[in-house]
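Peer 1: Okay, handing you the structure first.
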Amino acid sequence: MSNTLTLQHASRTVTGLAALARRYAADPSSWPLAPHFDAAARWYARVGGDSTHEAWLLTWMPGQATDLHDHGGSAGAFVVVSGVLTEQVVRVGDPGTVVPREVTLGEGSVRAFGPRHVHRIVNADTVPAVSLHVYAPALREMTRYRIDDGVLSVAVVEKAGIDW
């Protein structure tokens, strides 16, 4: 990616991350590789970044999804480049119970979020999808969660360079 795609040119807010994600998504010719679809597992690859952020390209076959997770303190944004994705957002209410919300995002939709965002993304549609994700700072860990009896609990904490 050219150096114009840095956080120096985008606000450090989630709005700035959304703008940065849009710029990456708008220029597929600058991606170092083309999207790849794998029926067995979700495909993803790092396609850019610098000392302030990183960008990832993901593909989703129908039915593929992430686990419920956060981004280890990084804020982020993603753009649906093609297809339709559903984001299932979880926040913790009182007394620690889970309050779910679901948002369907079509091609061109952008979703920005802060560092404490817990969500799951799924391709619930019948056609493949592509999304472009930007995180600041770069991902160093991700916490995966489970819901037990309506309460959010940690399943595992994964580390960059070790678990992905």
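Peer 1: Provide the net charge surrounding VAL84, with neighbours chosen by a C-beta distance below 14 Å and charges set as Lys +1, Arg +1, Asp -1, Glu -1.
Peer 2: Residues near VAL84 contribute -3 overall.
Peer 1: Which value, to two decimals, describes the C-alpha radius of gyration of the chain once divided by 2.2 N^0.38 Å?
Peer 2: The value comes to 1.01.
Peer 1: Now for a different question. Tell me, what is the percent relative contact order of region 7-159, built from C-alpha pairs under 8 Å that lie six or more residues apart?
Peer 2: 29
Peer 1: Let me ask you something else. Choose one answer from VAL110, VAL99, VAL81: the residue with the largest mean-square fluctuation in a GNM of the chain with alpha-carbon springs under 10 Å.
Peer 2: VAL99
Peer 1: How far is helix 14-26 tilted off the main Cα axis of the chain, in degrees rounded to 10, range 0 to 90?
Peer 2: 50
Peer 1: To continue, here is another question. Mind checking which of LEU139, VAL156, VAL127 is farthest towards the positive end of the chain's charge dipole, using Cβ charges of +1 (Lys, Arg) and -1 (Asp, Glu) about the Cα centre?
Peer 2: LEU139
Peer 1: Could I ask something else about it? Counting Lys and Arg as +1 and Asp and Glu as -1, what is the net charge of the other residues whose Cβ lies under 12 Å from the Cβ of SER109?
Peer 2: Computed value for this residue: 0.
Peer 1: A further question on this structure: Give the distance, in whole Å, between the Cα centre of region 15-37 and the Cα centre of region 91-164.
Peer 2: Comparing the Cα centres of region 15-37 and region 91-164, I get a distance of 20 Å.
Peer 1: Does anything in region 118-138 have its amide N under 19 Å from the 7 Å Cα→Cβ label point of THR104, and if so which residues?
Peer 2: 120-131
Peer 1: At a Förster distance of 25 Å, what's the computed FRET efficiency of VAL92 paired with ILE162, Cβ-Cβ distance as r, to 0.05?
Peer 2: Efficiency computed from Cβ-Cβ geometry: 0.35.
Peer 1: Counting other beta carbons within 10 Å of each residue's own, what order do HIS119, HIS69, HIS53 fall into, fewest first?
Peer 2: HIS69, HIS119, HIS53
Read-outs: derived from the displayed coordinates by stated rules, not from any lab. These numbers were taken from a predicted model, which means no experiment stands behind them. Using ideal geometry, Cβ is built from the backbone for each residue, glycine included, and neighbour counts are taken over all protein chains shown.
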